[in-house]
Every structure is written in structure tokens, then in C-alpha cells.
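See structure below.
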Amino acid sequence: MISPPTVRLAALACVLWCALANPACAATCSKAITMGTGHWEPYAYYDAQRRFTGIDADMARAIFKEAGCVLVEMAQMPATRNMTLFEQAGIDMMSGATLTPERLKIARFSVAYRDETVGIFMLADGAARYRTVHSFDDFLDQPLALLAPKVGWYGLLFERHAEALHSAKRLSRFGDYSQGIRMLAAGRADFMLGDAAGVEHAAARLGVKVQPLPFWMAQAPVHMMFNRATVREADVRRIDAAIARLQRRGEFERIRRTYGGS
């Protein structure tokens, strides 16, 4: 497990390396920025060769290269540990974040660099059993169970009802989408909540056929989230400018296509 002092030493080493290798780099960004990493396919994960990859990983690298900023990718940790370190100012940035009023208290956000869609999925071969579920209210009105990720924001509607569902033993949590798909296939719940691309990617990789219910729980832009205590506003605005240039050049769409993203 990486402690905050170790993070700071790694960041300092990267700043010194950048300044020696490319003097212009040090003048472009005020500091090296540390990023939490983890396993969240297809956005950020470690492949069979233990290389950190994914849509968000590649987009973050492209953005920081365009901005002239140094990105320090920390060792893999669970999503809950990454969030705890971020809240304690132990790491500077997390990718794939949804902007919420609560997070604004401790974080600065870049402009959006991609969008996400959150849905509720079921096993395709069981779709006929749930043909009366056309909304989240329909789900709530029936004795049905739901799987949901342990970490992340999945829409206000879900947040309003998560505690009640948990108390009623109708809600179980999973760590990553592969685990969630396995739980769904094993009959641990009727449905699975999650980012549409993440759910479909994991299901395809595991050979499990799923399909969404006929409504979306949330559709929202996704941002980079920077710690207010450790990252300057000027650096975030520099990141914003880089995102805008890459969007104009179609770089993000190119990255999406390499992962089969829609």
C-alpha cells in the first residue's frame, strides 16, 4: 500500500526528471500530478501483462501530454482506498468522475472529456420475466434485488433509494464489473446497475449475454477530479485547454474506437 509521503517523493522525482529532460516541461505545469489507478474495465484496468490501460487511462495520458503536465500513475489499489487517499489529499487526481455538490467541497473539476450512461441490466435469457419493469418505480414496487458498484455516483434516483434497498436486503455491492457479472449470472440478484459500457464490456469478455431495462438511470458528462488542497486552479484550466484541443482533433473518439466503445 502506498502512503502519502511515498506519493510525494514519486511526484518530486518526476518533476526533477522532467525538468532535466525537458526544461520547458517544468515551466508548463506547477507540479507533477498523481493519479489513482485501479480496475474498472474498459476505462482503467491492468491487462494480462500488468500494464495499466483502458479508455480513461489512455485519455488521461493524451490530455497530460497535450497540456505539458507530468502524470504520475500510482500503483493499483482498490477503488475505496483510492477515494480515501484522495479525500486525505494523498493523491491529486482521479479520472472518470461525475461532478456533484458534495465533491465540489474538496475537489476541482476539469471540463468534461467524455460522457457516460448508467443503466440497469438483466440476463438476456430472463428478459421475459421482467417485461413489466419499465421504470425504476416499477422496480421499487416489486420484490426484486439489485447489484450495484461499491464506489461511484450512479444518479440521484439510485442515491435516494440505496439505503432503503440495503435495509430491505434488496441491494448487494460488487467491486468491479467482472465480479458483478459473475454475481448476476449466479443468481445473486435480478438486476445489475452500472455504467453501460463497463457492464457490456465485462459481460462480453465473460461470455454472458445481458440487456438493459428500457430506461436509463443517468446520463452525464465525465470529468477529471482534482484535489483542491494539492492542485492549483491554473493547472486545471491548463488541462481544460488541452481537453478542448484534443476534442477538436477527434483524439478521444479515436481512443474510444480502439476499445470498441460506442
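In order along the range 75-92, the phi-based Karplus estimate (6.51 cos²θ - 1.76 cosθ + 1.60, θ = phi - 60°) of 3J(HN,Hα) comes to 5, 4, 9, x, 4, 5, 5, 4, 5, 4, 4, 4, 5, 8, 6, x, 9, 8 Hz; Gly and Pro are listed as x.
Relative contact order for the chain: what percent, with Cα pairs under 8 Å and sequence separation of 6 or more?
28
Each residue of the range 124-136 is assigned a 3J(HN,Hα), and the resulting list reads 4, 6, x, 4, 4, 6, 10, 5, 8, 8, 10, 7, 5 Hz, derived from the Karplus form 6.51 cos²θ - 1.76 cosθ + 1.60 (θ = phi - 60°), x at Gly and Pro. In this structure, the amide hydrogen of Leu193, modeled 1.01 Å from its nitrogen in the peptide plane, lies closer than 5 angstrom to those of Phe121, Leu147, Ala148, counting only residues at least 5 positions away or on a different chain. Charge tally around Phe226: other residues with Cβ under 15 Å, Lys/Arg +1 each, Asp/Glu -1 each, net +2. Report, in whole Å, the centroid distance computed from the Cα atoms of the range 52-119 and the range 154-182. Taking the Cα centre of the range 154-182 as reference, the centre of the range 52-119 is 22 Å away. Candidate cross-link partners of Lys169 among the lysines, defined by an alpha-carbon separation under 28 Å and a same-chain spacing of 8 or more, comprise Lys150, Lys209.
Using a probe of 1.4 angstrom, how much of the accessible area of the range 212-253 is carbon and sulfur, in percent?
Answer for the range 212-253: carbon and sulfur cover 51 percent of the accessible area.
Evaluated over the Cα positions of the chain, the convex hull gives a direction-averaged projected area, one quarter of its surface, of 14.6 nm². Taking Cβ atoms as reference points and 12 Å as the exclusive limit, the residues near Gly119 contribute a net charge of -3, counting Lys and Arg as +1 and Asp and Glu as -1. Along the range 174-185 the Karplus relation, 6.51 cos²θ - 1.76 cosθ + 1.60 evaluated at θ = phi - 60°, assigns HN-Hα couplings of 10, x, 9, 5, 4, 5, x, 5, 4, 5, 5, 5 Hz to successive residues, with x for each Gly and Pro. Solvent-accessible surface of the chain, averaged per residue with a 1.4 angstrom probe and all protein chains in place: 49 square angstrom.
The values are calculated or read from the model by the stated rules, or taken from the named source; none is laboratory data. Keep in mind it's a predicted model, so treat the numbers as computed, not measured. Using ideal geometry, Cβ is built from the backbone for each residue, glycine included, and neighbour counts are taken over all protein chains shown. Note: accessible area is taken over every heavy atom of the protein model, side chains too, but ligands, DNA and RNA are not part of it. Shrake-Rupley method; radii C 1.70, N 1.55, O 1.52, S 1.80 Å.
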